[in-house]
Structure formats: C-alpha cells, structure tokens
Amino acid sequence: MKSIIKAIMLFALILLLSCTTFTSYQTAQTTSPNQLKIGGAITPVFIGISGGAGAYFVPIPEIEAKLGVSDNLDFGARWSFGPGVALNTKYQFLKNNFDGAIFLEGSFYGLMSHGEGFGFYSFKPTLLFSREKAGMTPFSFGIGLYHFGVITGDATGGFTSLCGHVGIPYRIGANRNIRIMPELTFLVPLFSNYHSNNQSGFTTSLDALAITFGIGVANVSSLRIIK
C-alpha cells in the first residue's frame, strides 16, 4: 500500500513537472459565439501529503485560447510549453445571479514512437459554479473527477481522483475586461491501477492528497474572428 501511494504522489509530481497541471482557472461563463479569448496562468506551488507533507515550488506557466461556438458552448486549448496540449469544452446550463456549467478537458503530453518513450494523459469532467457580476461577491467553485495515466514502453498505470477548486475571479480595468483569478485546487486519489510485465494491480481508498495554488489571468473582452 505505501509503495503504491508513493508512486501515486510521484505521478502527481511528474505531472506538474511535465508541462500540465490539474488546475482549471475556469469560471462557468462561456465565450460568446464567434469570439476568441486569450489568457494565461502560472501554478508555482505544489503540496503532496502521503504519510507526511512535502511542498514544492514548481512554477508551471501556461497559455490558453477559447473560441465561442454558440450562446452556451465554447472550445479551448491549453499549452504549457511542452510536448503536448490539453483540449477542453464547456457548456453553460445556468445564467442567473450565479452561473453553472459542465467542463470537460483531456490532455496528452509525451514522446511515443514504436512502443518506446513516455506519455502522460488525463481526462477531467467538472461541474462549475461561479459569480462575476459587478457589485456582488465573486467566486468560482468546481468539483469533479480527474483521471491521470502514465504510459511507458513496457508499463502503464494511473489513478482516478476526486478533484475540486475554489477561486476568486476578480475583474479589473475600466470595462472589467481583465480577470485575475487566484485558485486553490485539491486532488484526492480514489483508486489506482497498473500493468507491467504481465502483472496487474488495482488499489482503492488511497491515503494521499495533492494541493496546488496558482493565479490565472485572462482578457475576457472578446476578439471577433468571424463577422
């Protein structure tokens, strides 16, 4: 059990060092149709807890672009200056005093050729709620699942976790068109699996925790790309 937990936490640390994070820096609002939004983020702090806490300063920068498809649907891509990319989509189902949306993201990072090399992949469905209206207290909250997998030439493995975040989406500027969002994200592994050299394993109820803190910045005024 302890060796598997250590491997899980190592996977999480490798994930941070391999140009992707399990953060989101998302609110429930979607991009308007035919509009393009550009943003970026940096996630400098990673804390792992598994029989003892360890904190790491690993500043991971990333950039993101989002394209509005319809009134309640957009698509986006995140890149963290590494060999891979994360793609996402968001559907907004609630617009009121606060907003609600379903957010889906998948990613792949690595170098694989003819069964050799390494790769990291993830899939993350999240339920988002947020509020950004002027004169009201802003917040962003998300809860969902996060699956992270590792592929090497002779082994595969990964873990599925409960994942959530709490953020404060501040709007600044004369037209409130810049969003600055500090975000705290947590990851609680639920089960893991591995397969190597004709051996397989499956473990549940892992006693581990990962936490990150970072800041996202986005220009929420839209650039029209289709007239």
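The values are calculated or read from the model by the stated rules, or taken from the named source; none is laboratory data. Given the structure is predicted, the values throughout are model-derived calculations rather than measurements. Note: ideal-geometry Cβ built from the backbone for every residue, glycine included; neighbour counts use all protein chains shown. Areas reflect the complete protein model, heavy atoms only, side chains present, ligands, DNA and RNA absent. Shrake-Rupley method; radii C 1.70, N 1.55, O 1.52, S 1.80 Å.
Looking at the range 171-189 only, could you name the residues that are farther than 27 Å from M136 by Cα and surrounded by fewer than 17 Cβ atoms within 10 Å (Cβ to Cβ)? Show your work before the answer.
Filtering the range 171-189 down to residues farther than 27 Å from M136 by Cα leaves 187-189.
Listed by number, the list holds a single entry, V188.
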Determine whether T89 is without any contact (Cβ under 8 Å) to a residue 12 or more places away in the chain and among the hydroxyl-bearing types (S, T, Y). no
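Take residues that are among the hydrophobic types (A, V, I, L, M, F, W, C), open to solvent by less than 80 Å² (accessible area, probe 1.4 Å) and modelled with pLDDT of 80 or more and tell me which of the strands (runs of 3 or more DSSP E) falling wholly in the range 49-137 contain 3 or more.
On the way: elements: 53-70, 73-79, 84-95, 99-113, 116-131.
Result: 53-70, 84-95, 99-113, 116-131.
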Residues of the range 205-227 being open to solvent by 70 Å² or more (accessible area, probe 1.4 Å) and modelled with pLDDT under 75, which ones? S205, D207, L223, R224, I225, I226, K227
So G40, is it under 19 Å from the mean Cα position of the chain (by Cα), under 21 Å from S122 (Cβ atoms) and at pLDDT 80 or above: yes
Flagged pairs (Cβ under 6 angstrom, 6 or more apart or on separate chains; first in the range 147-168, within 18 Å of G201 (Cα to Cα); second among the polar types (S, T, N, Q)) are H147/T160; F148/S122; A155/S196; F159/S192
